[in-house]
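Right, one structure below, let's go through it.
The values are calculated or read from the model by the stated rules, or taken from the named source; none is laboratory data. Worth saying up front: this structure is predicted, and the values here are computed from it rather than measured. With ideal geometry, Cβ positions are generated from the backbone for all residues, glycine too; neighbour counts draw on all protein chains shown. Just so you know, the surface numbers come from the protein's heavy atoms only, side chains and all, with ligands and any DNA or RNA stripped out. Shrake-Rupley method; radii C 1.70, N 1.55, O 1.52, S 1.80 Å.
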Amino acid sequence: MGVTDPGVRPAGPGTDPEVLESGLEWVVRESGASVGGVALLDPEERVLRMAALAGLPPDMAAPWLRIGLDEDVPLAQVVRSGRPSWVPVGDLPRRYPQLSLLLPYPFALADVPISAGGTCWGALSLFFPSNHPRELSRRQWAVLEAGCRRIGTMLCRAAEQGRPVRAGDNPHLCRPRGYVHSPEAAQAAAELLDLLPEGHCRLDLEGRVTYGDAAAAELLGTDLRALLGRPPWQALPWLTDPVYEDRYRSALFSRRATSFTALRPPDRALRFQLYPGAFGFSMRISPAPQAPAERRPPAESRAPVGANAPGEGRAEGGAPGEGAPGEGGAQAAGGVTAAPGGGVAPVEGVEPTRAGVLYQMMRLVSTLTETFGVKDVVSVATDQIMPVLDAQALVLFVVDSGRLRIVGQRGYEPSVLDRFDAAPLRPPDTPSARAAEEGRALFYGSPGELERDYPDVVLVAGKGAWVFLPLIVSGRPVGACAVAYDRPRSFTPNERTLMPSIAAQLAQALDRALLYDATQQFARRLQTGLLPRTLPQVPGLEVAARYLPATRGMEIGGDFYDVIRLSGNEAGAAIGDVQGHNIKAAALMGQVRTAVHAGAGTAPGAVLARTNRLLIDLDPGLFTSCVYAHIDLGNRCATLASAGHPPPLLRHPDGRVTVLRIPPGPLLGVVPEAGYPEIDVQLAPGTVLLMYTDGLIERPGGDLDEAAGEVAAYLTRETDSGGPLEDLADALIRRYTGAEEVRRDDVALLLLGVRQ
């Protein structure tokens, strides 16, 4: 069956993401997906922002509301690669363990880039129910492609008209449009339910009760007016255990019926059965036998978060054989009780608990453990902590020589923060300094509250509410975190507990990051001092070199290169790679380079053998690969030997490129008294010798020999044989490393050109 592109809806007079609704609804409906979202790319911040969402509440979509383009998640990957992604049911834990930790539910996931007019605008993300086959059908792929064409064309057209569609602070929610029963049918449905012994409720996708009958109210022991417009696990103190909300979340993502048993104090056990649909849930409530003590959840899973009354119960799997009710829920009529348009005030003394916050905390802790430097910690704080706290601004400070120095922020103009940068810890004349000095969180729910303690600060802060969190490790302050809100607010007991917990995790990560940055700075200085500052001028020999450190936390390695001017018209050239990325590797690199330099002038095999004996004697516990070349410009030849290093490339004057297959000797520092065979090559005028480390060509799962052959083909096909070597070096770096956001290894290359 073919798919017809539904056409393009005009962008309209504004830039509201609502214009995405028709295209998103169409692709969700036609593909059979249960959830859909459109994330738009912000190229300036290199992030994807969720602009439109269908079938999922915004708080459930928190992991996708703002995603860094470099994150290891499918939505970002498809934008970087330009290729769609499909994750079948059950494959998420293996392929994306962090995402699976955040959403431990069975569902399938498809992500497709949205491109039009030569621009990638973002991506379409679709969730499929847990009973979906392992593969998408050809028709479903066609639907996804047609939907992306429609959305992409609309985005492109809006941008051309000067009204680009931009994601707001919250995604536009595409409300489902289902069948609405007549008042007569609604009355008949209500009368039918009243005759049944169990209670019934209707929940929307956010879990809020929109309908309930008298039997449900009697079983729950509450007035329906206290229940309508709120999720049961927020309205009833004995359902605040996160395990109950987790059953709803499981049904929402998997679209699979589920059930659980809960104890209504003091001793009445109730069975809840949830039946999910496209527009909400049907919930059936019935009496259940008291769960035996050994079948109840352990104490730690039953302890509520921020609630006074403990909840007991056990979560079960899918509800037994009953089929889910139809999708067209009854409206208010006769004896039917439906939720009014407005919200319902919370029950006094009951504080809502959201399982979503727990999952966000799990994601936050997991992400913080993978940070390296202070920049990484700042990125996590602004990208992930702010959404968890629903904050509009955040400033991160570190303690530096008795002062608080700002290392990152979001939500303020930089000039506003000049007043607070480098503020002294003693005396603490700013709330951040006071929080760090006293080791306790400070909560200010309004400008008036802040003004009482800091009348000068409130005039500059320019927000409505603030929290100042100390970052303490082993009793000593390492920094502070200021969280700000646009409008005044009160802070619940849950928030007053949650925020210091987040600060404790942030403090540990920041402390590690400060130590890491200090170590890296020392190692960079060491490495810079060990690499040659300039390369010697050798008559008849043109030289160009490049070095790029690894990224993603491994900025120090042992790659090195050297050119040694010998007597007359001879020179030595070496390139090598010491195992590891740390200070020890950088120090050993200097020793190897010195040893090669000292042996230069003898045969290359002898130079490597002497260096090998030195490393054996030093016993550093690290191994080194190396290629050394002795260049004789008078005789137009070179002799090379290799200690397990990638093969050099030789570009001939006619443009042909040869991979020099040097018989490899063992790595340096492994085998005592090892020998290193040599080869000779001719160096006619115009010949270029390329020596490099494996960071230039190595890719995960790739073959080094094939990669070397690809570089040889590129040199043959794309480069100017007579051009400057500096230009060739830049071209190689751009082609093989310039597009990478993350370099997992150092890159070094050395070009030697024989001139007339």
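Descriptive notes on the structure:
- For VAL112, the requirement of being open to solvent by less than 20 Å² (accessible area, probe 1.4 Å), β-branched (Val, Ile, Thr) and assigned to a helix (DSSP H, G or I) is not met.
- In summary, GLY695 fulfils each of the numbered conditions (1) in contact with a strand residue (DSSP E or B) (Cβ under 6 Å, 6 or more places away or on another chain); (2) assigned to a loop (DSSP other than H, G, I, E, B); (3) closer than 25 Å to TYR547 by Cβ with the single exception of condition (2).
- Residue in segment 25-38 that is more than 17 Å from PRO129 (Cα to Cα), out of contact with any Cys (no Cβ under 6 Å at 6 or more places or on another chain) and part of a helix (DSSP H, G or I) present: yes
- Identity of the residue in segment 413-426, in a helix (DSSP H, G or I) and farther than 17 Å from TRP466 by Cα, that ends up most open to solvent (accessible area, probe 1.4 Å): ASP418
- Candidates GLU698, GLU673, GLU706 - the one that is without any contact (Cβ under 8 Å) to a residue 12 or more places away in the chain and acidic (Asp, Glu): GLU706
- Test for ARG410: is it charged (D, E, K, R), under 33 Å from the mean Cα position of the chain (by Cα) and surrounded by fewer than 19 Cβ atoms within 10 Å (Cβ to Cβ): yes
- Selection from segment 219-272 of residues that are outside any helix (DSSP H, G or I), in contact with a strand residue (DSSP E or B) (Cβ under 7 Å, 6 or more places away or on another chain) and over 26 Å from ALA61 (Cα atoms): GLY221, THR261, ALA262, LEU263, ARG264, ALA269, LEU270, ARG271
- Every condition in (1) more than 29 Å from the chain's Cα centre (by Cα); (2) in a loop (DSSP other than H, G, I, E, B); (3) under 19 Å from ILE385 (Cβ atoms) holds for ASP429 except the one numbered (3).
- Qualifying positions in segment 567-614 - open to solvent by less than 40 Å² (accessible area, probe 1.4 Å), in contact (Cβ under 8 Å) with a residue 40 or more places away in the chain and within 18 Å of LEU541 (Cβ to Cβ): ALA571, GLY572, ALA573, ALA574, ILE575, PRO604
- Of everything in segment 392-407 that is charged (D, E, K, R) and open to solvent by 70 Å² or more (accessible area, probe 1.4 Å), the residue that is farthest from ALA507 (Cα to Cα) is ARG403.
- Lone unmet requirement of (1) closer than 30 Å to LEU368 by Cβ; (2) open to solvent by 30 Å² or more (accessible area, probe 1.4 Å); (3) not in a helix (DSSP H, G or I) for TYR105: (2)
- Close Cβ contacts (under 8 Å, 6 or more residues apart or on different chains) running from residues in segment 253-267 that are touching a residue at least 12 places away in the same chain (Cβ under 8 Å) and among the basic types (Lys, Arg) to residues that are open to solvent by 10 Å² or more (accessible area, probe 1.4 Å) and part of a strand (DSSP E or B) comprise ARG255/PRO276; ARG256/PRO276.
- ALA62 vs. criteria modelled with pLDDT under 75, farther than 16 Å from GLY152 by Cβ and surrounded by 15 or more Cβ atoms within 10 Å (Cβ to Cβ): yes
- Within segment 715-732, the set of residues being part of a helix (DSSP H, G or I) and at pLDDT 85 or above comprises LEU715, LEU725, GLU726, ASP727, LEU728, ALA729, ASP730, ALA731, LEU732.
- Sole residue being under 16 Å from the mean Cα position of the chain (by Cα) and either of a type in the set (Lys, Arg) or over 23 Å from ARG496 (Cβ atoms) (or both), chosen from SER401, SER379, SER415: SER379
- Hey, TRP86 of a type in the set (Phe, Trp, Tyr), in contact with a strand residue (DSSP E or B) (Cβ under 6 Å, 6 or more places away or on another chain) and part of a strand (DSSP E or B) or not: yes
- Residues satisfying the stated conditions in segment 494-526, i.e. more than 25 Å from the chain's Cα centre (by Cα), open to solvent by 50 Å² or more (accessible area, probe 1.4 Å) and within 21 Å of PRO387 (Cβ to Cβ): ARG496, THR497
Let's see how each residue does on (1) assigned to a loop (DSSP other than H, G, I, E, B); (2) among the polar types (S, T, N, Q):
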| position | (1), (2) |
| --- | --- |
| CYS626 | no, no |
| ILE631 | no, no |
| ASN635 | yes, yes |
| THR639 | no, yes |
| HIS645 | yes, no |
| ASP654 | yes, no |
| THR658 | no, yes |
| ILE662 | yes, no |
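- Restricting segment 256-268 to residues that are open to solvent by 10 Å² or more (accessible area, probe 1.4 Å) and of a type in the set (A, V, I, L, M, F, W, C), the residue that is farthest from ALA33 (Cα to Cα): LEU263
- Listed conditions (1) of a type outside the set (Asp, Glu); (2) over 21 Å from ASP421 (Cβ atoms); (3) at pLDDT 90 or above are all met by ARG434, apart from (2).
- Search result, residues across segment 150-190 that are modelled with pLDDT under 70, farther than 30 Å from GLY122 by Cβ and open to solvent by 70 Å² or more (accessible area, probe 1.4 Å): TYR179, VAL180, GLU184
- Residue under evaluation ARG661, criteria (1) surrounded by fewer than 16 Cβ atoms within 10 Å (Cβ to Cβ); (2) more than 16 Å from ALA573 (Cβ to Cβ); (3) touching a Ser or Thr at 6+ places or on another chain (Cβ under 9 Å), criterion not met: (3)
- Any chance TYR676 is buried (at least 22 other Cβ atoms within 10 Å of the Cβ), under 19 Å from GLY753 (Cα atoms) and aromatic (Phe, Trp, Tyr): no
- Filtering PRO104, PRO84, PRO129 for residues that are of a type outside the set (D, E, K, R) and without any contact (Cβ under 8 Å) to a residue 60 or more places away in the chain leaves a single hit, PRO104.
- Considering segment 620-658, the residues that are free of Cβ contacts under 8 Å to residues at least 40 places away in the same chain and open to solvent by 30 Å² or more (accessible area, probe 1.4 Å) include one that is nearest to VAL711 (Cα to Cα), namely HIS652.
- Considering segment 664-692, the residues that are of a type in the set (A, V, I, L, M) and in a strand (DSSP E or B) include one that is farthest from TYR714 (Cα to Cα), namely LEU668.
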